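Visitor: Dropping a structure here in structure tokens format, bear with me for questions.
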Amino acid sequence: MRRRQAVVLIAAVILLGAAAAPAQAPVEDQGTLVVTQRGQALGEEHFILHSDAGGTRLDATLDYSVSGKPVRQRAALRLGPRGALKSYEWSEGASASITLKYANGRIDAHYQAAKGTGRDYQFEMPATTSILDENVFSLWEVLAARYDWAKGGAQSFGVFVPHSGDPSHVTLTAVHPPHALPGEATLHAETDQASLNLLLAHGRLLQIDVPAAGVVIRRVPVTGR
């Protein structure tokens, strides 16, 4: 099943995600990510993340301009203890939406296009399946928290991409740059469609680079909205 309900700005980086990991210390983070391609601004993502032994909550608002018109998307991810998938919601404007609920070994999905009748689907997959959606780049911070740094090496994570309805995977490998500052770390990611690098500081996402596409997603200071 393949669907397209949202504006896809960066198709090269949509098939990426995370998988379950041991419970972690509480994490509170809030940030703004600015998306550029070859120096041209494409949009912004504003997110709030809370993660503790009870689970993870991620809420994001994405603002883009398409043909001079503003486009706003919202996304909300909920994970249970040890990263088990609970739910995911996405919306664009007041009409288009995707709702995913996980229970009993499957995802119950409702797809509502901007026009027409909504459709329901079911996808069987383990609770360790993670969600990565188009343009919601803060999901990479959730992913980075689940990488086993003590183990190191290449680690593969299964994902589900809501807008295409496809399962996929991403392989992460720790990179140790020679001039990293204290607390900084880099993960290299490989998918079926893209290669990219994540720069982190004390577990918080600072930047994503997609060299082949000329795309940079960079954290900027949070200001009043």
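Every number in this text was worked out from the coordinates using simple rules, so none of it is lab data. Quick caveat: nothing in here was measured; it's all calculated off a predicted structure. Here the Cβ positions follow ideal geometry from the backbone for every residue, glycine too, while neighbour counts run over all protein chains shown.
Visitor: Give the relative contact order (percent, whole number) for the chain; include only Cα pairs under 8 Å separated by 6+ residues.
Guide: 22 percent
Visitor: Follow-up question, since we're still on this one. Summing +1 for each Lys or Arg and -1 for each Asp or Glu, what net charge is found among the other residues whose Cβ lies under 13 Å from the Cβ of Gly80?
Guide: +4
Visitor: I would also like to ask the following. Using unit Cβ charges (K, R positive; D, E negative) and no other charged atoms, how large, in debye to the nearest 20, is the dipole of region 11-220 about its Cα centre?
Guide: Value, rounded to 20: 200 debye.
Visitor: Please name whichever of Gly105, Phe160, Thr117 sits farthest to the positive end of the charge dipole of region 11-220, dipole taken about the Cα centre and charges placed at Cβ: Lys and Arg +1, Asp and Glu -1.
Guide: The Cα lying farthest towards the positive end belongs to Thr117.
Visitor: Just grab the label-to-label distance for Gln193 and Thr128, each label 7 Å out from Cα along the Cβ direction, in nm (one decimal).
Guide: Result for the modelled spin labels: 2.5 nm.
Visitor: Given the C-alpha centroids of region 185-225 and region 76-152, what is the distance between them in whole angstrom?
Guide: 20 Å
Visitor: So which GluC sites (Glu not before Pro) in region 65-128 are both in a DSSP loop and have at most 12 other Cβ atoms within 10 Å of their Cβ?
Guide: none
Visitor: Here are a few candidate values for semi-axes √(5λ) of the Cα gyration tensor in Å: [x] 30, 21, 19; [y] 25, 22, 16; [z] 40, 17, 16. Which one was actually calculated from the structure I just gave you?
Guide: After the calculation, the listed value that fits is [y].
Visitor: May I pose another question? GNM on the chain, C-alpha springs below 10 Å: top fluctuator among Ser195, Ser95, Ser130?
Guide: The residue with the greatest mean-square fluctuation here is Ser95.
Visitor: For a quick protection proxy, order the peptides 137-150, 106-119, 206-219 by their average other-Cβ count within 10 Å, most packed first.
Guide: Result, highest mean first: 137-150, 206-219, 106-119.
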